């Protein structure tokens, strides 16, 4: 992976094999959506504006959508994306996206090749078994390029299954959804700062790029808290609008 430019929440653009890949586009203005219900924080979403023009964000070769929640693929993105843009999605969302008029969809059930990139899918645990049923399925993806392995956690807890998969895969980069999202009576539904610290410790030869923070009302673990709680050298925590380059793509 040559670069990552982080925009907001889980929305980032990564550059691999000379291709620009957009992850989880959320393009609405600050406060345009209601707060996620059953959260202690009543603020409307997103909490912050995008740090760039939408046209610049959409200047990509393809889009990966980890799951069909409005904080990962929002109403604005669904309306304005070109219908022929290459989109990679999980099997469970394919028909929904097809009904929206997208004609260049690639679903992944287990493995596929998309834009010349090998893709392997893992089902995430978005808040435990019962909660997972209520929310639907969220996926993690392993992208294997000619230069590196990149693991996108999507929205998942740090389960034994995730830990074991990463031990086998040995990725060069993990783009981790943190933020410690919580729902009343159901608890944590994404990794919190303690999980991120453990993830970095268990994968100390891998760059951990932490996103999914400071943008949506149900995420309570902030970047500031993470900097205080975890100082591991392999952690990268980009600010909104920040672009990070990796000199050696295999390290």
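Observations on the structure shown:
- Within segment 10-30, the set of residues being touching a strand residue (DSSP E or B) at 6+ places or on another chain (Cβ under 7 Å) and either part of a loop (DSSP other than H, G, I, E, B) or closer than 12 Å to residue 243 by Cα (or both) comprises 10, 12, 13, 14, 15, 17, 24, 25, 26.
- Restricting attention to segment 45-66 and to residues that are buried (at least 23 other Cβ atoms within 10 Å of the Cβ) and not in a strand (DSSP E or B), the residue that is nearest to the chain's Cα centre (by Cα) turns out to be 66.
- Every residue from segment 29-58 that is over 21 Å from residue 84 (Cα atoms) and in contact with a helix residue (DSSP H, G or I) (Cβ under 9 Å, 6 or more places away or on another chain): 29, 32, 33, 50
- Boolean, residue 216 is in contact (Cβ under 8 Å) with a residue 60 or more places away in the chain, assigned to a strand (DSSP E or B), closer than 19 Å to residue 72 by Cα and under 17 Å from the mean Cα position of the chain (by Cα): no
- Close Cβ contacts (under 7 Å, 6 or more residues apart or on different chains) running from residues in segment 106-121 that are at positive phi and surrounded by 14 or more Cβ atoms within 10 Å (Cβ to Cβ) to residues that are in a strand (DSSP E or B) and at pLDDT below 95 are absent.
- Within segment 139-153, considering residues that are assigned to a loop (DSSP other than H, G, I, E, B) and under 18 Å from residue 236 (Cβ atoms), the one modelled with the lowest pLDDT: 147
- Residue satisfying all of: in segment 156-171; outside any helix (DSSP H, G or I) and closer than 20 Å to residue 230 by Cβ; nearest to the chain's Cα centre (by Cα) among these: 156
The values are calculated or read from the model by the stated rules, or taken from the named source; none is laboratory data. From a predicted model like this one, the values you see are computed outputs, not experimental measurements. Note that we place each Cβ from the backbone using ideal geometry, even for glycine, and neighbour counts take in every protein chain shown.
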